[in-house]
Amino acid sequence: MKHLIICIAFIALCFTFSACKNGSNTSQQEAGKRFAPKERTSSMTTQDRENAIAQKRSEQVVVFETLVNSHGVRLSILQPIVSGDITQSVSDRLSMRMLEIASQNGISGMGGNPNFVLGVEVNQTGRSVTGSAPQRMNVQYEMMFKVMNALTGDVYGTAKQNVAGVGRSFEEASVNAANEIKNTAEIQEFLNLSSKRIIDWYNNNVSVIKNEVDKAEGQGDYAYALAILGSVPEQASTAYQYITQKQPSTLSGMLHKQAADMLGEMEGQIASLGDEFNPSVGAYFSLIPKDTPEYKTAQTLYADYQKKCNARRASLEAKAERDEQAARELEKLKLLYDHETDLAQKEVDKVMYQARAQASAASARSKPTGFFGSLGYAITSFTDVLLGGNK
């Protein structure tokens, strides 16, 4: 499982953007034409989309890393309900667009407490077919964004935006309309105000947070307890002081409970890698507490793995002077060894992040739709966007 989360993010991006692509069989005559109603529209050619995708992929890596490392307010993104022209592809694209905008405004949109949600009400205001050739479908929407507290029903802020899209089908037109959602000054102010109000809620409800954490730990669900603690923003100083004191014991409880799982992941990595060095093995080893039964087994496995890796390195060093390919492999290997600590810590962060995100996702799916049922379903990871895991 090399770099699992980055792979999931990459696959999800390919999946969501593929809905935006025109077919490759578009004629040369068709490719140069545009339809431009008064509202913002998207009528990109296939080549336009290919160029946009290449740019967006690099941007999304930055977005993803921001979400993993963010210490700002953490919200769950609500995936809009599939209905009418809002197909699964459109719903996926709307979700991804909200993730992008949330991260651009310093608000994490993944792995957050499912009690705080960002959703959008989608109201279709227009739907038509052009009379000229080539025939195109045109749609217009009013998007009403909301940040809510799913526990209390409080609405912390709203913002409205009108968008339009054009395509060879109504589904494509709707996806293109979703792409036209902009990170406007109104959206920025809406998210900023909502963030401030959520921070106030945290500071004024430390006892509620404590009760939720204690309840989760009492049920043995340390991952969800850690997810709740991880959702508290640093800006909420009163609440953050509590979670700083509480996190070490909660983390220890989770690692003790999941020691067998970590050992299993470590064994799987070693089996697939052979003598290929990868810092992720050391990352899993470091997550297994020393006072667990699994630690001794892990220690032996890791020592054997290191011997194999060191033997391979020694072999490459012996061949490097007379074999150009071996010299290149050795240089790459040295870079991994030189940055082993940093790379292993990144792997640890990703594993921990995934555990919290999955715990939040499971909690969100088990909760009644309640106050935000009309908006959609909570998603807390790229796997939800990709696989529809929240349905």
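Could you tell me the center-to-center distance, by alpha carbons, between the range 117-143 and the range 209-242 in angstrom? Measuring centre to centre over Cα atoms gives 42 Å. Within straight-line reach of K334, meaning a Cα separation under 19 Å, sit the following aspartates and glutamates at least 8 residues removed in sequence or on another chain: D275, E276, E317, E321, D323, E324, D342, E347.
What does the charge count around D154 come to, taking other residues whose C-beta lies under 15 Å from its C-beta (Lys +1, Arg +1, Asp -1, Glu -1)?
On the way: positive: K146, K196, R197; negative: D200.
Result for the local shell: +2.
Measuring between alpha carbons in the structure, the pairs from K146/K196; K257/K296; K146/K210; K215/K290 lying more than 19 angstrom apart are K146/K210; K215/K290.
Please say if the range 205-257 is rounded, prolate or oblate, where rounded means a/c under 1.5 for a ≥ b ≥ c the square roots of the C-alpha gyration tensor eigenvalues, and otherwise the choice is prolate for a/b larger than b/c and oblate otherwise? Don't skip to the answer; put the middle values down first.
On the way: a/c = 2.33, a/b = 1.59, b/c = 1.47.
Prolate shape, in that a/c is at least 1.5 and a/b is the bigger ratio.
When Rg and the Kirkwood Rh are both derived from Cα coordinates, the Rg/Rh ratio for the range 289-344 amounts to 1.15. Taking amide hydrogens as placed 1.01 Å from N in the peptide plane, the amide H of V73 sits under 5 Å from those of S108, each at least 5 positions away in sequence or on another chain. For the pair A303 and K334, label points projected 7 Å from Cα toward Cβ lie 3.0 nm apart.
Bear in mind that the values in this text are calculations on the coordinates, not laboratory data. Everything quoted here is computed from the prediction, not taken from an experiment. With ideal geometry, Cβ positions are generated from the backbone for all residues, glycine too; neighbour counts draw on all protein chains shown.
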